[in-house]
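Okay, structure first, notes after.
The values are calculated or read from the model by the stated rules, or taken from the named source; none is laboratory data. Everything quoted here is computed from the prediction, not taken from an experiment. Here the Cβ positions follow ideal geometry from the backbone for every residue, glycine too, while neighbour counts run over all protein chains shown. Note: accessible area is taken over every heavy atom of the protein model, side chains too, but ligands, DNA and RNA are not part of it. Shrake-Rupley method; radii C 1.70, N 1.55, O 1.52, S 1.80 Å.
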Amino acid sequence: MAKHTLDARGRACPMPIVELMRTMQTMTDGDTVEVMANDRAFPADVTAWCKKTSNTLVSLTLSASLVDEGVDHIAVVKKGAA
């Protein structure tokens, strides 16, 4: 299982999800991607997108230690159902 990273900082809705979709197309079932984003809508968007697409939202955190670096949210998404 491969691990991927997606830096979606500075991109407004819906671009973090669009970029996540593009990344997921290159992945195989069971692979994970860590998405860094600072768009306010991202937590709700990634949660809804995972439910709609039957992918697994492994975790979603507010990264207070990285806010100074422009990262507010870090989501880990696994391709495929749990």
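Of all residues in the stretch 1-31, exactly one satisfies the criterion of being polar (S, T, N, Q) and surrounded by 17 or more Cβ atoms within 10 Å (Cβ to Cβ), namely T23. Residue pairs whose Cβ atoms lie under 7 Å apart, separated by 6 or more positions or on different chains, with the first residue in the stretch 5-18 and over 17 Å from K79 (Cα atoms) and the second open to solvent by less than 20 Å² (accessible area, probe 1.4 Å), are A8/P16; A8/V35; A8/A37; R9/A37; R9/V71; M15/A8. Look at S63 and say whether it is open to solvent by 30 Å² or more (accessible area, probe 1.4 Å) and hydroxyl-bearing (S, T, Y). No: the conditions fail for S63. Just the residues that are of a type in the set (G, A, S) and under 9 Å from the mean Cα position of the chain (by Cα), please, taken from the stretch 1-37. A8, A37, listed by residue number. Residues in the stretch 9-56 that are of a type in the set (G, A, S) and touching a His at 6+ places or on another chain (Cβ under 9 Å): A37 only.
Among the residues of the stretch 25-82, how many are acidic (D, E), closer than 14 Å to D7 by Cβ and at pLDDT 95 or above?
Of the stretch 25-82, the ones acidic (D, E) are 29, 31, 34, 39, 45, 68-69, 72.
Checking the rest, the ones that are also closer than 14 Å to D7 by Cβ come to 34, 39, 69, 72.
Those left that are additionally at pLDDT 95 or above: 34.
Residues flagged as acidic (D, E), closer than 14 Å to D7 by Cβ and at pLDDT 95 or above within the stretch 25-82 amount to 1.
Among the residues in the stretch 46-57, are any open to solvent by less than 70 Å² (accessible area, probe 1.4 Å) and in contact with a Cys (Cβ under 6 Å, 6 or more places away or on another chain)? For the stretch 46-57, residues open to solvent by less than 70 Å² (accessible area, probe 1.4 Å) and in contact with a Cys (Cβ under 6 Å, 6 or more places away or on another chain): present.
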